[in-house]
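I have placed the structure first, in the form of structure tokens, so that the comments after it can refer back to it.
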Amino acid sequence: MTDINRNQHSPGCIFSGIGASPGIAIGRAFLLDRAKLKPRREKIASDQVEAEIERFRAAVASARKELEEIKNRTLQDNGREGSIQKHNYIFDVHLLMMEDKMLIDDTITLIKEKKINAEWALNLNSEKIIDFFRQMQDSYLRERQSDVTHVSEQILRHLTKSDFDSIDKITRGVIIVAHDLSPADTLQLDPGKVKAFVTDLGGRTSHTAIVARSLEIPAVVGTENATEKINGGDRLIVDGIEGRILVNPSREQLTAYIEKRQQYNTFQAQLILNRDLPAETTDGFRISLAGNIETPEETESVVSHGAVNIGLYRTEFLFLNRQSLPSEEEHYLTYRKVVESLPPESMTTIRTFDLGSDKIADAGGLHEDSINPALGLRGIRLCLNRREIFVTQLRGIFRASPYGKLKILLPMISGLAELRQALEVIEETREELRREGVDFDPEVPVGVMIEVPSAAVISDHLAREVDFFSIGTNDLIQYTLALDRSNEHVSYLYEPLHPAILRLLNQVISNARVADVPVSICGEMAGEPLYTLVLLGLGLDKLSMNAISIPHIKQIIRQSTFVEARQMLEECLKMKTATEIEAFITREMNRRFPDTFLMKI
Ligand code: PEP
Ligand code: MG
């Protein structure tokens with residue numbers, strides 16, 4: 001963590017980024033130096049060498065302890081699966097590596113000789129070892145590269161853990177300015193202490209932005225260089241609606257933003273008055289609005305914002321910021337808590353864990369070293385690859401089913417074969433529970449996320465084998481338009497109204513209709529007021545979104561007709577470019593709903 005004065009800029013300087021979570025915050029900058037992507041590289045003084053070696057040894061010891069715990073637990077969990085041998089072997093290889101002279105002693109030598117910090121030394125040394133294995137003739141030995149990468153990563157995580165603690169040390173209302181915050185970091189932020197955050201990296205629908213909205217913390221991401229422009233202690237205004245940051249504002253700027261904050265808060269307070277009214281158009285078309293959650297605590301906010309159903313529970317967040325994987329009992333108790341905290345008629349859609357890409361668990365050695373993680377072992381691919389963890393979760397979900405209505409949602413399905421494999425695991429889990437005499441609801445509906453373009457294209461086939469569809473526009477847009485949703489440099493390409501996206505949505509929804517399968521959208525697009533009428537025109541059954549978006553979306557629906565929504569969609573479907581469609585929609589929505597905050601997601 002650094003709090004240094006290094007930048008010169010004129011008072012009141014304004015710069016912009018991507019408005020990721022709405023609201024206006026005024027406070028002091030707290031610079032959080034979290035260069036998590038690269039290990040910190042620092043020269044150290046001679047008298048720091050011993051302490052650095054000690055820090056390294058402690059990180060190795062805790063990484064070893066963690067691995068041993070995982071090994072024991074996995075062996076217990078897998079006893080019935082007969083896959084003990086393989087896991088035993090991998091764990092033992094990794095444990096041995098943590099004692100290996102080449103990896104451990106040579107890193108210590110580098111710390112001593114080069115007088116560099118442990119992260120840097122470990123990085124240099126593991127690269128050397130990886131190179132060594134890479135040149136092996138024997139394919140088995142060549143593959144050991146990935147074990148070295150994995151073990152060094154584990155140790156590195158334990159080394160950088162001190163950075164994590166620094167988030168906890170925030171004691172007053174500050175605005176965090178950081179190079180990057182992972183979704184796991186963001187989840188740790190206490191809204192009572194953090195007024196807002198600003199990051200150099202990040203995109204509109206990154207999970208960091210999504211968590212900020214859930215926590216109702218205003219945020220601006222993708223500024224590219226906020227950490228260079230802002231000094232620790234600077235007074236900031238963060239406008240998460242427009243994606244603007246004002247550094248050391250003038251008195252006039254401050255007064256204007258205090259007024260804007262007041263207007264925004266009044267606007268939100270008025271919207272909430274609709275809370276108990278249905279999301280129904282003036283010509284009688286009713287759509288269900290539901291909430292997206294990442295943690296059980298968020299159900300309260302969904303209900304207070306006027307929804308009773310959870311349309312997407314991102315359970316992978318249960319796996320973050322911890323050193324061991326959740327047990328079956330923990331899954332069960334967590335899901336039971338969620339369903340019991342909702343009214344009895346509520347339905348909770350539990351998505352099986354969608355780890356990978358930007359959601360990285362520290363425990364379980366789940367993640368590969370990939371230069372393209374969004375296209376790697378993510379979602380259902382990881383579930384099927386680590387079946388024992390998938391089954392543990394499924395058992396927890398089924399055991400929670402007698403306590404409230406729930407559905408199972410499978411993420412990142414790309415084709416029928418993959419779906420059938422997942423359904424087979426679900427059926428086997430049901431069988432196992434039956435054999436054990438466990439009480440559960442065997443009729444729990446199973447649906448798929450439509451978020452991979454191949455799934456959208458074959459949605460007619462998928463619809464015949466599942467109970468419902470939930471369209472994940474965040475990923476559907478990312479993969480269809482070939483842009484990284486977390487990358488600020490390509491955020492200009494993130495166009496939810498791209499004709500390709502509208503066509504895909506239209507196609508998926510009609511395929512669902514033909515098969516009589518309920519269909520919803522649970523991507524961020526569902527909570528964006530600008531798109532409400534277009535989505536309404538598509539004839540969806542449900543829109544699921546961040547709690548804070550529910551009142552505004554409801555108001556727009558209640559002030560519109562289905563007929564006009566349909567006409568608007570038809571106009572859009574005739575147009576050929578996203579720019580044309582966006583201009584049309586912006587004009588129409590501003591005409592219909594002047595003076596509202598049509599914030600872009
Ligand atoms: C989506 O992809 O639209 C979605 C809802 O899932 P996530 O944002 O968690 O990837
Ligand atoms: Mg997704």
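Where residues in region 397-414 are closer than 11 Å to Thr352 by Cα and away from ligand 2 (no atom under 16 Å from the Cβ), which of them is surrounded by the most Cβ atoms within 10 Å (Cβ to Cβ)? Let's see the steps before the verdict.
First, the residues of region 397-414 that are closer than 11 Å to Thr352 by Cα: 397, 407-412.
Cutting the leftovers down to away from ligand 2 (no atom under 16 Å from the Cβ) gives us 397, 407.
Numbers: Ile397: 26, Lys407: 23.
If we take residues in region 397-414 being closer than 11 Å to Thr352 by Cα and away from ligand 2 (no atom under 16 Å from the Cβ), then Ile397 is surrounded by the most Cβ atoms within 10 Å (Cβ to Cβ).
Against the condition closer than 19 Å to Pro296 by Cα, away from ligand 2 (no atom under 16 Å from the Cβ), surrounded by fewer than 24 Cβ atoms within 10 Å (Cβ to Cβ) and over 18 Å from the mean Cα position of the chain (by Cα), how does Glu388 come out, does it pass?
no
If Pro343 passes every condition in (1) open to solvent by 20 Å² or more (accessible area, probe 1.4 Å); (2) touching a Phe, Trp or Tyr at 6+ places or on another chain (Cβ under 8 Å); (3) not in a helix (DSSP H, G or I) but one, which one does it miss?
Answer for Pro343: the failing condition is (2).
Please go through region 261-307 and pick out each residue that is in contact with a strand residue (DSSP E or B) (Cβ under 8 Å, 6 or more places away or on another chain), open to solvent by 40 Å² or more (accessible area, probe 1.4 Å) and part of a loop (DSSP other than H, G, I, E, B).
Within region 261-307, Pro278 is the sole residue that qualifies.
Out of Thr266, Thr281, report the one residue that is closer than 20 Å to Gly527 by Cα and either at pLDDT 95 or above or over 30 Å from the mean Cα position of the chain (by Cα) (or both).
Residue meeting the stated conditions: Thr281.
With respect to Leu377, is the statement that it is open to solvent by 30 Å² or more (accessible area, probe 1.4 Å), closer than 30 Å to Thr149 by Cα, free of Cβ contacts under 8 Å to residues at least 40 places away in the same chain and within 16 Å of ligand 2 (Cβ to nearest atom) true?
yes
Only one of these conditions is not met by Arg157: (1) touching a helix residue (DSSP H, G or I) at 6+ places or on another chain (Cβ under 8 Å); (2) part of a loop (DSSP other than H, G, I, E, B). Which number is it?
Every condition holds for Arg157 apart from (2).
Of the numbered conditions (1) of a type outside the set (Lys, Arg); (2) more than 16 Å from ligand 1 (Cβ to nearest atom); (3) under 18 Å from Phe390 (Cβ atoms), Val448 satisfies every one except a single condition; which is it?
(2)
For a quick check of your reading: which helices (runs of 4 or more DSSP H) sit entirely within region 91-150 and have at least 2 residues that are touching an Asp or Glu at 6+ places or on another chain (Cβ under 6 Å) and not charged (D, E, K, R)?
118-134
Do the conditions hold for Ser486, that is, is it touching a His at 6+ places or on another chain (Cβ under 9 Å), within 13 Å of ligand 2 (Cβ to nearest atom) and touching a residue at least 40 places away in the same chain (Cβ under 8 Å)?
yes
Does Val247 satisfy the condition of being open to solvent by less than 30 Å² (accessible area, probe 1.4 Å), over 19 Å from Ser549 (Cβ atoms) and away from ligand 2 (no atom under 16 Å from the Cβ)?
Against the criterion (open to solvent by less than 30 Å² (accessible area, probe 1.4 Å), over 19 Å from Ser549 (Cβ atoms) and away from ligand 2 (no atom under 16 Å from the Cβ)), Val247 qualifies.
Out of all the residues in region 44-78, which are open to solvent by 80 Å² or more (accessible area, probe 1.4 Å) and at pLDDT below 90?
Lys65, Asn72, Gln76
Where residues in region 392-449 are assigned to a helix (DSSP H, G or I) and of a type in the set (Lys, Arg), which of them is nearest to Ala290 (Cα to Cα)? Before you say what the answer is, go through the steps one by one.
In the first step, residues of region 392-449 are kept if they are assigned to a helix (DSSP H, G or I); the result is 392-403, 416-435.
With the extra rule that they be of a type in the set (Lys, Arg), the set shrinks to 395, 399, 420, 430, 434-435.
Values: Arg395: 25, Arg399: 23, Arg420: 28, Arg430: 28, Arg434: 32, Arg435: 35 Å.
So the residue we want is Arg399.
Looking only at region 356-366, filter to residues that are more than 19 Å from Asn487 (Cβ to Cβ) and not aliphatic (A, V, I, L, M); which one of those is farthest from ligand 1 (Cβ to nearest atom)?
Gly365
In region 348-370, is there at least one residue being more than 13 Å from ligand 2 (Cβ to nearest atom), assigned to a strand (DSSP E or B) and open to solvent by 30 Å² or more (accessible area, probe 1.4 Å)? Give the derivation first.
Of the residues in region 348-370, the ones more than 13 Å from ligand 2 (Cβ to nearest atom) are 348-350, 360-370.
Checking the rest, the ones that are also assigned to a strand (DSSP E or B) come to 348-350.
Okay, now just the ones that are also open to solvent by 30 Å² or more (accessible area, probe 1.4 Å), so none.
No, the conditions are met nowhere in region 348-370.
How many residues does region 308-340 contain that are within 16 Å of ligand 1 (Cβ to nearest atom) and open to solvent by less than 20 Å² (accessible area, probe 1.4 Å)?
The number of residues fulfilling the criteria is 10.
Being of a type outside the set (A, V, I, L, M), more than 16 Å from ligand 1 (Cβ to nearest atom) and at pLDDT 95 or above is true for just one of Thr561, Thr586. Which residue is that?
Thr561
Which one is surrounded by the fewest Cβ atoms within 10 Å (Cβ to Cβ) among residues in region 168-226 that are of a type in the set (S, T, N, Q) and away from ligand 1 (no atom under 16 Å from the Cβ)?
Thr171
Taking region 373-391 only, how many residues are within 16 Å of ligand 1 (Cβ to nearest atom) and in a loop (DSSP other than H, G, I, E, B)?
Going through region 373-391, the residues within 16 Å of ligand 1 (Cβ to nearest atom) turn out to be 373-383.
Filter once more, keeping what is in a loop (DSSP other than H, G, I, E, B): 376-379.
Residues meeting the conditions: 4.
Just a yes or no: is a residue in region 430-438 more than 16 Å from ligand 2 (Cβ to nearest atom), touching a strand residue (DSSP E or B) at 6+ places or on another chain (Cβ under 8 Å), open to solvent by less than 30 Å² (accessible area, probe 1.4 Å) and at pLDDT 95 or above?
So in region 430-438, the residues more than 16 Å from ligand 2 (Cβ to nearest atom) come out as 430-438.
Retained after the next criterion (residues that are touching a strand residue (DSSP E or B) at 6+ places or on another chain (Cβ under 8 Å)): none.
Checking region 430-438: not a single residue is more than 16 Å from ligand 2 (Cβ to nearest atom), touching a strand residue (DSSP E or B) at 6+ places or on another chain (Cβ under 8 Å), open to solvent by less than 30 Å² (accessible area, probe 1.4 Å) and at pLDDT 95 or above.
If a residue has to be aromatic (Phe, Trp, Tyr) and more than 10 Å from ligand 2 (Cβ to nearest atom) to count, how many in region 457-483 make the cut?
First pass over region 457-483, keeping only residues aromatic (Phe, Trp, Tyr): 468-469, 479.
In the following step, the residues that additionally are more than 10 Å from ligand 2 (Cβ to nearest atom) were identified as 468-469.
Of the residues in region 457-483, 2 are aromatic (Phe, Trp, Tyr) and more than 10 Å from ligand 2 (Cβ to nearest atom).
Would you be able to tell me the number of residues in region 528-586 that are crowded, with 17+ Cβ neighbours inside 10 Å, within 30 Å of Glu297 (Cα to Cα) and not polar (S, T, N, Q)?
The total comes to 20.
Can you tell me which residue is surrounded by the fewest Cβ atoms within 10 Å (Cβ to Cβ) among those in region 439-456 that are under 27 Å from the mean Cα position of the chain (by Cα), more than 16 Å from ligand 2 (Cβ to nearest atom) and free of Cβ contacts under 8 Å to residues at least 40 places away in the same chain?
Among those that are under 27 Å from the mean Cα position of the chain (by Cα), more than 16 Å from ligand 2 (Cβ to nearest atom) and free of Cβ contacts under 8 Å to residues at least 40 places away in the same chain, it is Pro445.
The values are calculated or read from the model by the stated rules, or taken from the named source; none is laboratory data. Just so we're clear, the structure is a prediction, and the values are computed from it rather than from any experiment. Cβ sites come from the backbone with ideal geometry, for glycine too, and all protein chains shown count toward neighbours. The protein model used for the area step is the full one, side chains on, heavy atoms only, and it has no ligands, DNA or RNA in it. Shrake-Rupley method; radii C 1.70, N 1.55, O 1.52, S 1.80 Å.
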